[in-house]
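To start, the structure itself, in structure tokens.
The values are calculated or read from the model by the stated rules, or taken from the named source; none is laboratory data. Not measured: the values here are computed from a predicted model. Backbone-built Cβ (ideal geometry, glycine too); neighbour counts: all protein chains shown. Quick note on the areas: whole protein, heavy atoms, side chains included, nothing else; ligands and nucleic acids left out. Shrake-Rupley method; radii C 1.70, N 1.55, O 1.52, S 1.80 Å.
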Amino acid sequence: MTDTSSAPAPSEEVYGEHVFSHLRPDEAERLEALAHALDENTFQRLGRLPLREDWHCLEIGAGLGTTARWLAARCPRGRVVATDIDTRLFPDLDGRNGWEAREHDVTRDEFPTGSFDLIHARWVFSHLRSRDADLARVARWLKPGGWLVVEDLAQFPLESSPNPLYRKVSLAMCAAVQARIGTDCTWARDLPRVLAAAGLTAVGMEASASSVGPGPMGRFWRLSAEQLRSDLQDLFRITPAELDRFLTQVSGGELTDLCLGTVAAWGRAPAQPVVA
Ligand SMILES: C[S@@+](CC[C@H](N)C(=O)[O-])C[C@H]1O[C@@H](n2cnc3c(N)ncnc32)[C@H](O)[C@@H]1O
């Protein structure tokens, strides 16, 4: 684990307020790279569910809306609602294949109990300070028998990296987002317990990770590090030379190593609505 003893006391800053703001000129490129890196695994996972054409689906923290697009193509007689705290990077109405866009803060805003057959979120809840309580509220939005699928980031592939500079800077990035916006890059490993505590049944999990390098994950990790540059240098004593070397490593062709992983966990609402 990274030594986070030099990190400042947690701030009240939230995701997107400064770090990862959708107003930044490079944020759409960063989220596009993330979607390219993760979509295939997400679509395979969701494709293993008994999806029906008339399902009502909710995609939380949809980013650019790539998963909402995929769901809308599979549920043409149902309804797909995509939310985000900031919907500015959603495609306009013409660019959406029928899915609804909703500005919605999952830490505060509600949907009626029993609204959805499927709720999915990817790389959202780890960023929220009230993540366990938020997931418990979200579980109540499931119809009886509905599915909650949560995919979230996980730092364990970075912890075991055999490449010292890559490991050091990558774990400092995890510590930096924790210090700035409260992100917990270890939380997803515990998702089965959180889903079971929310009253869900048939809980399962799996994990995946892709490599940095010339592909989309390398681009995502480089753009993330560039946003965190001053925190890495000022708070975690990463030197400019180390950072420059790291940026070349992660987006060039010289390093093949796993980036942040994704833990996917799922559970089903019982036959009666979840009221926990
Ligand atoms: C790392 S991005 C992931 C985007 C998308 N889910 C994906 O995997 O491609 C996190 C997303 O969660 C959104 N988000 C952050 N806090 C949120 C909140 N409180 N309520 C809803 N969305 C939120 C962000 O605006 C951003 O679009």
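Numerical summary
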item	result
Gaussian network model of the chain, springs between alpha carbon atoms under 10 Å - residue of Phe111, Phe156, Phe246 with greatest fluctuation	Phe111
Diffusion constant of the stretch 1-132 at 4 °C, which comes from Stokes-Einstein with the Kirkwood Cα-pair radius and 1.567 mPa s, µm²/s	81
Mean shadow area of the stretch 97-202 over all directions, Cα convex hull, nm²	8.5
Degrees, to the nearest 10: 240-251 long Cα axis against longest axis of the chain	50
At R0 = 41 Å, FRET efficiency that the Cβ-Cβ distance of Asn97 and Thr256 yields, to 0.05	0.70
Relative contact order %, the chain, counting alpha carbon pairs below 8 Å whose residues are six or more apart	23
The stretch 27-268: mean projected area of Cα convex hull, nm²	12.4
Label-zone membership for the stretch 29-68, site Arg77, 7 angstrom Cα→C-beta point, backbone N under 16 Å	51-57
Heavy-atom accessible surface of the chain: percent carbon and sulfur, 1.4 Å	51
Unpartnered cysteines - no second Cys beta carbon under 4.7 Å - across the chain	Cys57, Cys75, Cys259
Sites Glu53 and Asp105, calculated FRET efficiency, Cβ-Cβ separation with R0 45 Å, nearest 0.05	0.90
Cα→Cβ-extended label distance, 7 Å offset, between Asp26 and Arg88, nm	1.7
Using distinct alpha-carbon pairs, which all enter the 1/r mean, Kirkwood radius of the stretch 163-276 in Å	15.9
1.4 Å probe accessible area per residue over the stretch 27-268, in Å²	40
Burial order of peptide ranges 193-202, 85-94, 120-129 (average beta-carbon count within 10 Å, highest first)	120-129, 193-202, 85-94
